[in-house]
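One structure is given here, and the rest of the page talks about it.
The values are calculated or read from the model by the stated rules, or taken from the named source; none is laboratory data. Here the structure is a predicted model, which is why all the values come from computation and not from measurement. Cβ sites come from the backbone with ideal geometry, for glycine too, and all protein chains shown count toward neighbours. To get the accessible areas, we keep the full protein, side chains included, count just its heavy atoms, and leave off ligands, DNA and RNA. Shrake-Rupley method; radii C 1.70, N 1.55, O 1.52, S 1.80 Å.
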Amino acid sequence: MATMSELIECPPCKKFSVRFSNAVTSVFLDADEQQWENIQMNQESDVSKPVKYRVLFMDSAKRQHKEIPAYIMDLKDLEELHLETNHIEVIPKEISHFHNIKVLYLNNNNIIHVCEELGKLKNLQSLDLSSNPLNNNSLDVISNISQLRELRLYNINLEEFPVQLCKHLHHLQLLGLSNNRLETLPPEVTNLIHLKEIYLQTNAFKVFPVQICALSSLEVVDLEKNKLTSLPVEIGSLCNLIKLFISSNKLSFIPKTLCQCKKLAVLDLSGNRLHKLPHAICKLKELNELGLSHNQMKKLSSRICQLHSLCVLYLKNTGLSTLPAAFAKLESLKILDLSQNCFTDFPLEICGLKQLQVLSMDDNLISTITPEVQSLENLSYLGITGNRFTAFPEEVLQLESLEKLYIGQDHGVQLSSLPDNIFMLKNLKELYIENNNLEFLPSTLNLLHNLEVLDCHNNNLKKLPDNICQLHALQKLLLQKNQLTSLPDNLDILHKLDLLLLDGNPLVDPPVEVCSLGKSAVWEYLKEKRQKNAFATKIQALWRGIMVRKGLGPFAYLRQTGTKGKKSKKDKKGKSKGKKSDSKGKKK
């Protein structure tokens with residue numbers, strides 16, 4: 001299950017589009033040099049316009065540029081420029097011509113040196129130099145950009161954060177330093193008094209940088225994937241903290257002072273060494289999302305049940321076998337992950353969660369589901385893969401709102417059939433029943449009119465029902481590793497189907513070599529097969545007509561048979577008369 005600057009992009013079918021306002025025409029460009037020259041000529045010739053033309057945004061990302069194109073450097077009024085994911089090696093001195101530029105993205109290039117002219121961009125508010133082989137000694141230039149609000153320096157092999165940036169970037173609100181080699185932050189980081197977001201994921205911190213606890217404006221702190229063994233008690237000073245990501249560290253306990261962060265809404269503690277939470281956890285009344293997966297909790301504190309604002313709770317692989325009796329008090333809970341635990345029974349406490357939409361119980365030891373599950377009226381996603389069901393749990397069929405059902409068997413007991421009344425799941429969009437022992441699919445499957453994904457790979461299917469062709473909403477059909485020898489003749493009428501996987505089947509019709517070429521080849525084969533069958537039927541009908549007209553057809557044959565029958569009687573009479581004549585002749 002998933003864990004926890006809006007850009008206007010040109011549609012692929014257009015090279016540019018123009019927005020009009022009372023005073024300014026903003027051109028959003030995705031154009032090459034020749035197209036840009038044409039645009040300029042059109043603008044210069046169109047003097048009747050009462051508005052002033054001004055380019056605000058240019059997207060030249062992923063263009064394989066080795067340098068910033070000269071025609072871009074001529075756009076003096078440019079306010080936003082995207083040159084990420086190119087092969088640019090040098091920032092030219094002419095960059096200083098962009099007096100009005102506010103957003104500059106140069107990430108994912110080959111830039112080594114930051115030129116001094118970059119520091120002259122006094123209006124620049126957002127700069128991204130991530131994923132470049134930068135000479136870190138040249139980063140001090142950035143300290144001259146006094147209005148900078150967002151600075152992203154992800155993945156630049158940074159070992160020390162420049163002190164000069166801390167001393168001069170007083171307006172900085174977002175600092176991105178993830179995927180580097182930082183072990184500490186300089187004490188001067190406390191100068192960044194307006195900082196709201198700091199991203200330090202995937203570094204080498206062994207000790208939580210306590211300096212940032214003095215930044216009372218901080219709303220987001222991300223220290224995932226470091227080597228932290230503890231959190232400082234000073235963390236309670238972050239009175240405006242909204243999101244704290246501290247997963248994949250080595251924490252064995254959480255200080256109770258964290259619970260002083262009254263505004264905390266998202267707390268991810270997954271992948272640590274926690275056995276329990278502080279009793280004061282119930283004071284986090286604004287907590288909306290809590291991640292505790294991959295810890296050895298074994299028992300969940302009932303104090304969590306007092307977090308009435310909690311909407312998302314991740315408890316994957318925590319050693320749980322039971323839930324607190326008051327668990328149903330989490331009335332706002334919408335997403336619950338209890339996968340990879342030790343539940344032998346479906347927890348009855350879950351059935352009181354009226355707002356629950358997503359439930360993962362995958363990889364437990366469950367063999368039955370309680371009938372009370374039908375009270376989960378809003379459940380749209382259910383994962384029960386890898387449990388111990390000996391037959392399909394028909395209690396699931398009462399979940400009319402269900403849209404996604406995962407009941408594959410990566411290990412354990414395999415299902416041999418699906419119930420005929422599976423059509424009761426009328427809103428089902430995705431059905432995953434892989435790694436079972438199904439030999440056939442129910443004939444009522446066609447009544448799942450909303451089904452978009454059907455995953456039956458690694459079963460024992462020998463034939464598909466012909467009415468599978470009536471699943472007109474189907475987009476993905478996964479049938480690998482079965483025993484299919486043929487496909488329904490009209491399967492290609494599924495016009496929305498964009499993924500068909502058939503490898504690992506002993507197919508004859510269509511042949512394996514056709515199937516290996518993909519869906520288009522299969523569709524062409526089925527179409528040609530129908531045409532051949534139609535042609536053969538037509539020829540057969542014409543041949544019958546000819547035979548009938550010539551008296552050689554089946555009806556003519558019947559008439560001939562009838563005529564021969566009458567003649568045979570005459571023949572008998574004739575023969576008897578003849579014998580009499582002969583006898584008379586002999587007598588004579």
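So the values come out like this:
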{"quantity": "Single condition residue 410 does not satisfy, out of (1) closer than 24 Å to residue 464 by Cα; (2) out of contact with any Ser or Thr (no Cβ under 6 Å at 6 or more places or on another chain); (3) at pLDDT 95 or above", "calculated": "(3)"}
{"quantity": "Count - residues of the stretch 92-135 that are open to solvent by less than 10 Å² (accessible area, probe 1.4 Å), outside any strand (DSSP E or B) and of a type in the set (A, V, I, L, M)", "calculated": "9"}
{"quantity": "So residue 527, is it more than 16 Å from residue 418 (Cα to Cα) and open to solvent by 60 Å² or more (accessible area, probe 1.4 Å)", "calculated": "yes"}
{"quantity": "Tally, over the stretch 161-197, of residues that are more than 32 Å from the chain's Cα centre (by Cα) and within 14 Å of residue 142 (Cβ to Cβ)", "calculated": "13"}
{"quantity": "Pick from the stretch 120-139, criterion modelled with pLDDT of 95 or more and of a type in the set (Gly, Ala, Ser), ranking: farthest from residue 201 (Cα to Cα)", "calculated": "126"}
{"quantity": "Neighbours by Cβ (under 7 Å, 6+ apart or cross-chain): first from the stretch 171-196, closer than 15 Å to residue 209 by Cα and open to solvent by 70 Å² or more (accessible area, probe 1.4 Å); second of a type outside the set (D, E, K, R) and modelled with pLDDT of 95 or more", "calculated": "181/157; 181/158; 181/203; 181/204; 183/204; 183/205; 184/209; 187/211"}
